[in-house]
1. At 37 °C and a viscosity of 0.692 mPa s, what translational diffusion coefficient does Stokes-Einstein give for the stretch 224-349, taking Rh as the Kirkwood radius over Cα pairs? Give it in µm²/s as a whole number.
2. If the chain between D398 and K208 were fully stretched, how many nm would it gain, using 0.36 nm times the residue separation less the Cα-Cα distance?
3. In square nanometres, what is one fourth of the surface area of the convex hull spanned by the alpha carbons of the stretch 181-297?
4. Looking at the stretch 218-334 only, what percent of DSSP beta bridges run antiparallel? Nearest 5 please.
5. With only Lys, Arg, Asp and Glu charged, each at its Cβ (+1 for the first two, -1 for the last two), find how big the charge dipole of the stretch 198-272 is about the Cα centre; round to the nearest 20 debye.
6. Could you work out the mean projected area of the convex hull around the alpha carbons of the stretch 266-417, in square nanometres to one decimal?
7. Give, rounded to the nearest 20 debye, the magnitude of the charge dipole that the stretch 258-417 has about its Cα centre when Lys and Arg contribute +1 at Cβ and Asp and Glu contribute -1 at Cβ.
8. So which of K254/K375; K164/K339; K254/K281; K266/K328; K202/K326 end up more than 29 Å apart, counting from Cα to Cα?
Amino acid sequence: ERERSITKGVRRIPCVQLVRAMMGMMSCMSCTSCAQSVEGEILIEDADVGAVAEVHAQGPTLLGRGGDARSEFAKAHAADLTSDKAGLISDKAGAAKAFDGSTPCSTADVGSGSSGGEAASSPTDQDCQEDENQNCQEVDEPADAIRAPEVRAQLSDKDLAAVKALEIELGESGVDIVRAALVPGEALESCLMRFLRASDMKPRPAAKALRAMLAWRATARPDELASRSAGDVAGCPEELLDQYMPTWHQGFDKKGRPVIFSHYGKFRFGPVLEAGVTVEKIMQLHVRSSEHTARLCGEQSSKLGHDISNALIIMDTQGWDSNNLKSKGAFDWARGMAKSDTEYYPERMGQLIIINAPSSVNYFYRAVSWALSEKARDKIKIFAGREQWEPALLELVDASQLSPEYGGSAPSPDVSM
């Protein structure tokens, strides 16, 4: 009964921005846009017009336009929804077969219109001629292209089974959309495993979290934030951020993970807020930093030939201003940061080391740690004096990767990440 209700009335209709629709650009789904260009197909369910439906028996995904937009879209495409019976999708068994590991998907498969367990065919010359807006030509990969390592073969039998179950839960189209959102050098299995670990290895919650992440990326646009300077994102001089909110990349640890420093002891919310930078902009700076960290992980994965999915975070709190605790904006920022790290960049923090921590930092941490998962809390270590944190730091990071102020021999950074 559930399977019948899920697959009831699903039809294929042409629509612009195939991948971007899943990424949340549903504003593009107007009848005008659809009439102007056909770049692919998405699936629309009769009972919930405007929601993106999964191909393989898992029902509609979470993205839709809602309200008036859905009504307008339904009217515009009423004829399509009542015809084209060939668009009905009900091959749930085919979905499982498609992800048995023998037929990996590629980003070129997105929007191909394949259903059930049928493999998407390569575009033909005729396809190219029929749609001049679609680039069907093969392009030689640059010699310096960032390639993802082979991760699937390195998974244990238990992890591989969980990954396959998650792929079936997402459906073929969902997997392709996740694949399109990967940072360069990141393997699909690496991303899926991060969300599985954050969901206690349960495929259905992991699939839900992945869809929520994709919906968030549509509005937050982290890829766009990463392409802009920190000063441009915040709307203030970069020197102000370097002075009051310094964050930087400092080499790699002994496992090959990026080492990210944030000197929270220099954080001063007052001057930054007075300069017109809102808490929302400060959160965007954190998202920008998280996206850069994700890209560093992808680059390292490609360079080392094995999965690097998380980073070592060093938080220096020397000089911490307890007045930060009096600011509501500081608490809002800390809670927002915890939410972002947990829900949108899960398992990106391999370990967090807090150094030079005064008692007020412990209080602040206790005040916001409730927002972190138990797994995340287990990764956090807090040290007071240098005699405590320097040996711990050098155990994780070679001295050649650290600047002198942190017990190493590397040049001091320019601060801005």
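1. Details: Rh = 15.2 Å.
The calculation lands on 216 µm²/s.
2. Details: separation 190, 0.36 × 190 = 68.40 nm, distance 3.90 nm.
In short, 64.5 nm is gained.
3. Values: hull surface 33.9 nm².
In nm², the orientation-averaged hull projection of the stretch 181-297 is 8.5.
4. Values: 4 of 9 bridges.
About 45 percent, rounded to the nearest 5.
5. Numbers: 12 positive and 8 negative charges, 123 e Å.
That gives the stretch 198-272 a dipole magnitude of about 600 debye.
6. Working: hull surface 38.3 nm².
Mean projected area for the stretch 266-417: 9.6 nm², to one decimal.
7. Working: 17 positive and 19 negative charges, 95 e Å.
Charge dipole, the stretch 258-417, about its Cα centre: 460 debye, nearest 20.
8. Working: K254/K375 22 Å; K164/K339 27 Å; K254/K281 34 Å; K266/K328 18 Å; K202/K326 40 Å.
Violating the 29 Å Cα-Cα cut-off are K254/K281; K202/K326.
The values are calculated or read from the model by the stated rules, or taken from the named source; none is laboratory data. Keep in mind that what you see is a predicted model, and the values were worked out from it rather than measured. Glycine gets a Cβ as well: all are built from the backbone with ideal geometry, and neighbour counts include every protein chain shown. Accessible surface areas use protein heavy atoms only, side chains included; no ligands, DNA or RNA. Shrake-Rupley method; radii C 1.70, N 1.55, O 1.52, S 1.80 Å.
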